[in-house]
Every structure is written in C-alpha cells, then in structure tokens.
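Quick notes on the structure that follows.
Rule-based calculations on the coordinates, nothing more; no lab input. No experiment lies behind these values; they were computed from the predicted model shown. All Cβ positions, even for glycine, are placed from backbone atoms using ideal geometry, and neighbour counts span all protein chains on display.
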Protein chains: 2
Amino acid sequence: MTIDPQKLDRLAEVAVRTGVNLQPGQDLVITAPMAALELVQRIAVHAYKAGAGIVTPFFNDDAITLARYENASDESFDKAPAWLFEGMAQAYKNGAARMAITGDDPMLLADQDPEKVARLSKATSIAAKPAMEPIVGFEVNWNIVAYPGAAWASRVFPELPVEEAQGKLMDAIYDASRLDGDDPVANWADHTANLKKRVDWLNEMNFAALHYTGPGTDLNLGLAEGHIWKGGASPALNGVTCQPNIPTEEVFTCPHAYKVEGTVSATKPLAHQGSLIENIKVRFEAGKIVEASATKGEDVLQALLKTDDGASRIGEVALVPHSSPISQSGTLFYNTLFDENASCHIALGQCYADTIKGGSELKPEELQQLGGNQSLIHVDWMMGSDAVDIDGIKKDGTIVPVMRAGEWA
Amino acid sequence: MTIDPQKLDRLAEVAVRTGVNLQPGQDLVITAPMAALELVQRIAVHAYKAGAGIVTPFFNDDAITLARYENASDESFDKAPAWLFEGMAQAYKNGAARMAITGDDPMLLADQDPEKVARLSKATSIAAKPAMEPIVGFEVNWNIVAYPGAAWASRVFPELPVEEAQGKLMDAIYDASRLDGDDPVANWADHTANLKKRVDWLNEMNFAALHYTGPGTDLNLGLAEGHIWKGGASPALNGVTCQPNIPTEEVFTCPHAYKVEGTVSATKPLAHQGSLIENIKVRFEAGKIVEASATKGEDVLQALLKTDDGASRIGEVALVPHSSPISQSGTLFYNTLFDENASCHIALGQCYADTIKGGSELKPEELQQLGGNQSLIHVDWMMGSDAVDIDGIKKDGTIVPVMRAGEWA
Ligand SMILES: [Zn+2]
Ligand SMILES: [Zn+2]
Ligand SMILES: [Zn+2]
Ligand SMILES: [Zn+2]
C-alpha cells in the first residue's frame, strides 16, 4: 500500500474548492515542504481549473535546511529573507489567497542546537510578520492541508516500511479530512453546521472565563473582552468564505492574555520545530507562565517561551470533544494540524484578531487592552483528555458545565 | 553510469567559489528547475560553508508549468508574480548574489500554443525587469551553471537509457566546465588569462564593425560607440569578481542596434522556451530584422521577434573559436549556456550595459543613443562554424582578419 493517488487528488481538489475556496482570477501563494511536491502539483491543476491567475509555490527542502544548520556561520541564524515575506504580503494586498502544506519531518531539527533553532525561528517570525498579518487578521481566504511525507509518516507509523506508512497516513488524512463518500463538499457543509451549533451556544453563554480541572490541571482561564467563538468555515475580510484548516474539529476563541491563573499539564507531546516536547507542565500568574517544565525537550520549550513577552501568554483557547474522529483514531500525529484537532488546546502567543468583536479593525495595542495577546509565535498545545472537565463561568458568577470527561456536557 | 556525485559536488563548489564567488555574510538567491534539486542542495552546503547569510532557492516545476498551460484560463497567460521579482530586486539591493541553474527540459512546451507561450514569456519578462536589471547591469556577482536533468539529458542523448544519459551529460558538463584535474580554480585562472588576451587585442583594435561571410551569411555588424569587449571573470559593480557563466568560451561586446546590415544563417538549432527553432535565416536593415524564416518553429521565432521593438535588433555579439572544447565535443546541447559557447553568436534583445564604456551609469535612452539595444528579451543564437570568416573594420576603413574558417586569424 502506497499513497492512493485518487485520495491525494481528492484532497487537492477539496483544499482548493472548499478549503481555500479559490475565486476565478485569484492568485494563489503556496508554501510547502519539498516532500509534498506531488500534492502541490495536484493543487496547481485544481487551482488553474478553478480559474487561478498565477499559482506561486515556495518549497522548503529539509536537506537545504540541514545544510544551513550544519555549515552556516553563527550570524546566519539571526537572518531571514524579509524581502520574500514583504513580497508575499504584497501578493495578498493584490488579492492572492494562501495555501500552506504541512507534512514536514517533525523531528528534523531534533539534533540541532535549540538555541540556534530558536534564534532562526525568531528571526523568521519577525521577517514573516508582514506575510502573517493578513492571515492572522483573516484578510484573505486561506487554508492548510497535510501531505503524508515520508519522514513524517515514518514517525507516525515507525513499525511500517516507509511506503506503507505513507499510504496509511494518507488514509488517516483522508478520513480526518472528511473526504470519504460521494460528496466531500456536502460532508463539509454538515460538519460546519454542527460546529456552528456549538459556536452559537458558546457565544450566547458569553462566559467571562473557563475553569479546567483534570490530572495535573487546575486552570482558571479568562476570556478576552468582546471575544467571539468561531469554528469551521467563515468569511475572510475579502468576502470569501473559506475553511482555514482541513481537518478541523475545534471551536475556538480569544483568551484574556492577563487573566489566566493556575496549572496545566499537556496531554500529548508537542512536536515543535523538529523537536518533541513531552509532558509539558506550566503555571500561570496573571496570564503569564511563571513556571514551565517538560520531561523531554525542556530547553526547546524554555527557548520558545523567551521569544518575546507574548510567547509566555496565550492567544487561543479551543474546545474539541475527546470523541472527535481524529482523537478516536488513537494516532499521535506529531503534527499540530491533527493533534490539536484531537484535543482541547491552548496556544502560546499571537491571538487571532477576528476572535474579538471588531478586532480586525483594531491596532495591536487596542487588541491587547481587550486581552488579545501579541507575539511572534503561535504554538498550539494539547491539554484535553477524557479526564478533563470544563465549566463556563459567567460574569455574575453562574457556573455552567461545558465539558464533562472530555465530552460536551 | 549515473550522475557521478563527486563531479556534481565539485560543480557545486566551483559554482559557489569561482562562479559567483560568494562573499562571507552575503545572501544568495537561486533559481532552479525542480529537476536540479540535488545540485541546489549541494550548492547550499558550499554556500553556507563559504559563509552565506541566507540561501533562498526558487524552484520551477515542469508539472506545475504544464498544469497551467493545460488548465488555466486565457487571462492567466498575461500574468506574472511582479511582487516576487520586486522582492528579488530588493534582495540584490540588500547585497545578495545570484545563481541560476539551467537544465530544464528544452522541449517542455513544444506542444503548447506558441501564442500563449509568447504571451506568458512577455508578461514574465516585464514583471521580472526589476530582478533582471541588477544582473544585466552587473550590479551584483552572479553565475549560471547546468544540472543534467533527466528530460534534458534524454534530448541530448536520446539513444541512451535516461540514467546513463544523465551520467554522460554530467561528464560533458564537467569537462566543458573545466572541472577536471587537481585544481579547478587554477584551470579557471588559466582560462580567464587566455580569454583576457583576446579581449585586450580586440579592445586595442577598437573596430567600428565586424564583417561575417559564410554559407548563407553576409553580415555587416556595426559595434556600439564606446563598446568594450569582455570575457571570463570580471568584477561586478559591488566589487566582487565573478565568473558569470560556467562554462564560458566567449569574448563578447555590444553591437550597434541600428547599424547591422545583411543576412545571417544560424548554424545550430535554437532551443527556446520549450521549442526547437531550426535553420533560422534573417535579414537586417538598419539594425532591424526585416525578414525571418525557420524550417521548424518559425511561429515561435516570429512571436519572439514581436515581443517589442528591441526584440528584432541585437544586443550582444560574441566570438568563440570553432576549436573550443564544447564545439569539439560535437554534441548539440539544446541549451544556450553550452551551445553559445560552441559557436560565434549574436543575441536578439537586451544589451549588457557593462559592454559600453560607463554604460552601467547610463539610462536606457542614453545607452540606446550609443547603439545599446533595449528589450525584454535576450536570446542568443548560433551563427558560427568552420566555414565562417570574420574581418574587423576600423573607423578609417582598414580591414583586419579576426577569424578564418572559424579560428582566430
Ligand atoms: Zn486551534
Ligand atoms: Zn492555533
Ligand atoms: Zn554570449
Ligand atoms: Zn547572451
């Protein structure tokens, strides 16, 4: 069993039609690992069939990345091609949509100096800001999908020969991405309607905070003033309704960056920039992480938290029932797009402006005043399980059960 | 016999050290066909070893290009990602060097509509102007080298299985690029010294025109006022001495765009944008091509000449002895970098500003007044052979033999 070409082609088509919802005449900027070339080629076909103006792909090659870590001068690790990201920002201003392909080797940089990894990541985040803002601010339609690259597949299914692992991971991506059956577009319409029910209820409740309890977790998580819950398809500011994540199981909103108190224990390892961070445990005071530990990769975690002030505060809180199909597959994907959709999670770093009422029109300082966190990073980590309960706390103190044992209450 | 990895690695190293002569801390922008990934990976290693800041590669994938021709709307063929080329221009302004890898399938677009090919090529040339000007004006150090991609190798050696063809083409590139022996850097120093002797003699002669005679050729080719002959390594305006072409056998200068009279017959087929143009024959009046024919690909030729006014005038004249090693290999490479270095040639389109005295400081209009051609295109075509004689004509009418039967006189 290798990668089923029909499954791959359907993934490409759904990513273009339902995911990014590319409009006739619209340009498309794609970033992808080199390993995903085959998927990018199919996306190009479907994008041009959908009337794309120009499809411009950028590839990240693992060997070239390692060539840098293994040979470059120390100064190289503080540099990033700002001119390229400014160019992409210009493309979005001109109306381009964006697609990101994930599927890199999650452990690529495991043997590299975490300090260099963190420095290069920070330099890249700073340079990439102009290209990230239109995405984070939801100015343009965008989408992220996964390709079962060889290195990634071998991490997920280490017991299988690599081609079989890729085939099996393709199947898992296919199922998680709701591509089965006669009409994946209808699958996605149903799924979006279900997510919308949860979103509407949470917005109606208008909780001031969420309270999490579970093994190693006792967290009081304030929500930003004017926060809005979101999930599934929604319209970007350019008017195009897109499905940013394929797969997606979460409903999410903006936490208050200065009103988080207590302890949280991660329930899954976090694959971050080529390293695996295991058994993260942190303590918040006034929204800031003041203690953090991990049984593996703690140096990577500490370097990450030091990126900037907002890196030790949170910018997203998301609810995913433990019974979600990705969670039920029992597979640890070592990939945020999948693992975050198998578990309730929070994200260190940058908030999404559109999860605060009128947020897309606000300046960073104004967002911050409402509790919207600002940072160069946005790193999701998983802290939900079938042993976690969540209560919603209204402004008047009323307590409403939100989740019990990992399921909607 | 497949591609010899040691030969490939030496090519990468010489391209970085001698070709582009990358400086410590300098960034490098690479454009390459996807087929050349392996060479780009090795170039990245040597670039970072040489102290590169950031190596930023851009890949052109044949399948994605064909996806466009086969599926895109008609309007797509007038579009190009200007934002990307403006970004590259910014990189050069910030000090980056440039490397281009050649080795695409020379016949990729042979079955596509020549009108679409020409339109997309023109749109791309217009958009690419900001990124081409620093190269044409020799503002930054740059280099072009070849990778023996499968499709290209199979065109050159159609009788061989593809891997063998690639191995044989690698050997041919290796030999033509003077990489053999213990010290390729010394090879290049010797070669540059030899080219410099010819360059110095031609500059001393300061001919007003060259007169070509041969089968189907009787051409009076005026040279630009203040033209300078160049060849081999020379310093870019940023002070870095580089070897723009590997291989290179030519000495070249700027013809007078308005003072070319007579007929020329090509001596080799011209591989242009995925099509092969055979037996080109043209007639010039006052520098402009007024008649043009080809026995194959004439529609491609005609579309090319119509790109703009300068596309039917010439911007480069180059002398290569028939005994040059590439010519002696007897191989038709279907690739300008090789075929132009096997034969005297002229180039339709844009001149190199630095082949006119002080030209890099002049505006396009000022260059034009001296005879320096301006165009979106620069397409070399081969018109030398062992049956062509060339005379130099001085201002006072003195005639000096330059080449006889294809060799230096
Ligand atoms: Zn999330
Ligand atoms: Zn997130
Ligand atoms: Zn030339
Ligand atoms: Zn040329």
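Remark: mean inter-chain Cβ contacts per residue of A:82-95 equal 5, using a 10 Å Cβ-Cβ cutoff to other protein chain atoms.
In a reduced charge model with +1 at each Lys and Arg Cβ and -1 at each Asp and Glu Cβ, chain B shows a dipole moment near 760 debye about its Cα centre. Toward the positive end of the charge dipole of the protein assembly as shown, with +1 on the Cβ of Lys and Arg and -1 on the Cβ of Asp and Glu, the farthest Cα among A:130, A:174, B:232 is that of A:130.
Once you sort the root eigenvalues of the Cα gyration tensor of the protein assembly as shown as a ≥ b ≥ c, which label holds: rounded (a/c under 1.5), prolate (a/b larger than b/c) or oblate (the other case)? Prolate shape, in that a/c is at least 1.5 and a/b is the bigger ratio. In terms of packing, defined here as the mean over residues of other Cβ atoms within 10 angstrom, the peptides B:202-208, A:333-339, B:392-398 line up highest first as A:333-339, B:202-208, B:392-398. Note on B:25-31: average number of Cβ atoms from other chains within 10 Å of each residue's Cβ is 2. Phi angles across segment B:10-19 convert, under the Karplus curve 6.51 cos²θ - 1.76 cosθ + 1.60 with θ = phi - 60°, into 3J(HN,Hα) values of 5, 4, 4, 5, 5, 4, 6, 7, 9, x Hz, Gly and Pro given as x. Dipole orientation for segment A:281-391: of the candidates A:302, A:350, A:336, A:302 has the Cα lying most toward the positive pole (charges on Cβ; Lys, Arg +1; Asp, Glu -1). The amide H of residue B:144, built 1.01 Å from its N in the peptide plane, has B:100, B:245, B:246 as neighbours under 5 Å, considering only residues 5 or more places off or on other chains. Sequence neighbours fewer than 8 away in the same chain don't count; with that in mind, list the lysines whose C-alpha is under 17 Å from residue B:259. Residue B:259 reaches B:288, B:394, B:395.
Per residue, chain A reaches -10000 deg cm²/dmol at 222 nm when only DSSP H runs of four or more residues are counted, each adding -39500 (n - 2.57). Oblate is the label for segment B:79-155, because a/c, from the alpha-carbon gyration tensor with a ≥ b ≥ c as root eigenvalues, is 1.5 or above and a/b does not exceed b/c. A protection proxy built from the mean count of other Cβ atoms within 10 Å ranks the segments B:241-253, A:235-247, A:158-170, most packed first, as B:241-253, A:235-247, A:158-170.
Please name whichever of A:60, A:165, A:144 sits farthest to the positive end of the charge dipole of segment A:5-176, dipole taken about the Cα centre and charges placed at Cβ: Lys and Arg +1, Asp and Glu -1. The listed residue farthest towards the positive side: A:144. What is the antiparallel percent of DSSP beta bridges lying wholly in the protein assembly as shown, to the nearest 5? Around 75 percent antiparallel, to the nearest 5.
For the cross-link pairs B:129/B:363; B:306/B:357; B:93/B:196, the ones whose C-alpha atoms lie over 20 Å apart are B:306/B:357; B:93/B:196.
Across the identical copies, the 7 Å label point of residue A:299, projected outward along Cα→Cβ, sits 6.3 nm from its counterparts, in ascending order. Using Cβ point charges alone (K and R +1, D and E -1), the dipole size of the protein assembly as shown about the Cα centre works out to roughly 1260 debye. Plainly put, the tip 7 Å out from Cα toward Cβ on residue B:180 is 6.2 nm from that tip on each other copy, the closest given first. For segment B:5-176, the dipole from Cβ point charges (+1 on Lys and Arg, -1 on Asp and Glu) about the Cα centre works out to 680 debye, to the nearest 20.
Shape call for segment A:16-94 from the C-alpha gyration tensor, a ≥ b ≥ c root eigenvalues: rounded (a/c under 1.5), prolate (a/b greater than b/c) or oblate? Because a/c hits 1.5 or more and a/b fails to exceed b/c, segment A:16-94 counts as oblate. Averaged over the residues of peptide A:39-46, the number of Cβ atoms from other protein chains lying within 10 Å of each residue's Cβ is 4. Starting from the label point of residue B:323 at 7 Å along Cα→Cβ, the same points in the other copies fall at 8.8 nm, in ascending order. Of all chain B C-beta atoms, the nearest to the rotation axis linking B with A is recorded, alongside its rounded Å distance, as B:87, 2.
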